[in-house]
Amino acid sequence: MTIEQKPSFNDHEIKDWNGQRAMLWVKYADRLDTMFSTIADTLLRTANISGGEKVLDLGCGNGSTTLLAASQVGPNGSVTGVDVSEPMIGLAQARCANAGITNVNYILGDAAEYPFDSGSFNVLISRFGSMFFGNPEVAFQNIIPALTFGARVVLIVWRSPQENLWATKPVEAAKEFIEMPLAPGPEDPGPFSFADTERVKKILKVAGFSGIDFTPLDLLLPLGNTLEDAVNYVMEMGPLSAPLATVKGDKREMAITAITNSLRDNQGEDGIVRLAGACWIVTCGVS
């Protein structure tokens, strides 16, 4: 079942996640699941979900973490995934139907404003789905009443761009030849907006969460099974996609060469290109 909500004050992010960005996340869904598999396993292990619990998957995207949670709650539990992206919710629904899973619901809407039923969920999880709110303070104040007393919360978010070479190294290699758009500010909606632990702690504390803690997670993320595969991926998916699309001729070729040479340093003996990823595992509760 999918419940639809009218657009909200996060209009820019909603538009972004229903355009080209969303289509790329759908196209590369299986690759992203592989790339983030260790992170998903860590999310579910930390949440320690039991049979019969009711779980909210915040920013569920293509639904992979929703389905993992569904396997843990069993037939007497349920999982609700919420996301603003219609293409990604569509894929999540299809995956759910193909797997014959019946204990999952999806909400197409903005969790910052969605009228959740009070005390609906024992657990809140999110893998990279909590950093895109235009006003995160308001968002989490809206979400917390949907959680039961004693509910557990696990959010996995990116740390700083400097620690996440999967995102920054290809850009550093190519920026001599292409014009990159201005990066979002550290508190603007975006993948790295929850890198600052003090900011996140304040957001969650103001909303009413307690026991807020941060655990670092460092890993190597596989970008491609071959060097060519990795180069093609970073050219189409991520911050280089739009700038490269506007560059032609020699400059484009020089940018591709620079990206290739940069990623070659990270190719293992098995041919796979892996770059550093750095996350925070954010845990808290409702008490």
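The values are calculated or read from the model by the stated rules, or taken from the named source; none is laboratory data. It should be emphasised that the depicted structure is a prediction, and the values quoted were computed from it without experimental measurement. Because the Cβ atoms are built from the backbone with ideal geometry, glycine has one as well, and the counts that use them run over all protein chains shown.
The figures follow:
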quantity	calculated
Filter result for the condition that a residue is touching a helix residue (DSSP H, G or I) at 6+ places or on another chain (Cβ under 9 Å), in contact (Cβ under 8 Å) with a residue 12 or more places away in the chain, surrounded by fewer than 23 Cβ atoms within 10 Å (Cβ to Cβ) and in a loop (DSSP other than H, G, I, E, B), over Ser118, Ser130	Ser118
The stretch 188-201: number of residues that are exposed (fewer than 14 other Cβ atoms within 10 Å of the Cβ) and either touching a residue at least 12 places away in the same chain (Cβ under 8 Å) or over 18 Å from the mean Cα position of the chain (by Cα) (or both)	1
One residue from Gly51, Gly61, Gly74 being buried (at least 21 other Cβ atoms within 10 Å of the Cβ) and modelled with pLDDT of 95 or more	Gly61
Some residue of the stretch 220-234 being part of a strand (DSSP E or B), of a type in the set (A, V, I, L, M), in contact with a Gly (Cβ under 8 Å, 6 or more places away or on another chain) and surrounded by fewer than 18 Cβ atoms within 10 Å (Cβ to Cβ)	yes
Meets criteria (in a helix (DSSP H, G or I) and surrounded by 23 or more Cβ atoms within 10 Å (Cβ to Cβ)) for Phe140	yes
Qualifying residue in the stretch 199-216 (condition: more than 27 Å from Val55 (Cβ to Cβ), part of a loop (DSSP other than H, G, I, E, B) and at pLDDT 95 or above)	no
Among (1) assigned to a loop (DSSP other than H, G, I, E, B); (2) of a type outside the set (Val, Ile, Thr); (3) out of contact with any strand residue (DSSP E or B) (no Cβ under 6 Å at 6 or more places or on another chain); (4) closer than 26 Å to Gly74 by Cβ - the single one Phe149 does not satisfy	(1)
Residue in the stretch 240-259 that is touching a Gly at 6+ places or on another chain (Cβ under 7 Å) and farther than 30 Å from Ala146 by Cα present	no
Selected residue (only one of Thr38, Thr42, Thr66, Thr46 is in contact with a Cys (Cβ under 8 Å, 6 or more places away or on another chain), among the β-branched types (Val, Ile, Thr) and in a helix (DSSP H, G or I))	Thr66
Unique match (being under 22 Å from Arg252 (Cβ atoms) and among the aliphatic types (A, V, I, L, M)) among Ala183, Ala195, Ala207, Ala151	Ala183
Test: Asp16 is of a type in the set (Asp, Glu), more than 26 Å from Ser118 (Cβ to Cβ), surrounded by fewer than 15 Cβ atoms within 10 Å (Cβ to Cβ) and in contact with a helix residue (DSSP H, G or I) (Cβ under 9 Å, 6 or more places away or on another chain)	no
Leu263 vs. criteria under 29 Å from Ala29 (Cβ atoms), more than 21 Å from the chain's Cα centre (by Cα) and modelled with pLDDT under 95	no
Close pairs from the stretch 226-255: first closer than 20 Å to Gly190 by Cβ, partner assigned to a loop (DSSP other than H, G, I, E, B) and at pLDDT below 90, Cβ under 6 Å, at least 6 apart	Pro243/Met180
Where a residue in the stretch 267-287 is closer than 14 Å to Leu43 by Cβ and its partner, wherever it lies, is among the charged types (D, E, K, R) and assigned to a strand (DSSP E or B), with Cβ under 6 Å and at least six apart	Thr283/Asp213
Residue that is farthest from Ala22 (Cα to Cα), among those in the stretch 72-112 that are part of a loop (DSSP other than H, G, I, E, B) and of a type in the set (Ser, Thr, Tyr)	Thr102
Test result for Glu172, within 25 Å of Met131 (Cα to Cα), in a helix (DSSP H, G or I), among the acidic types (Asp, Glu) and at pLDDT 95 or above	yes
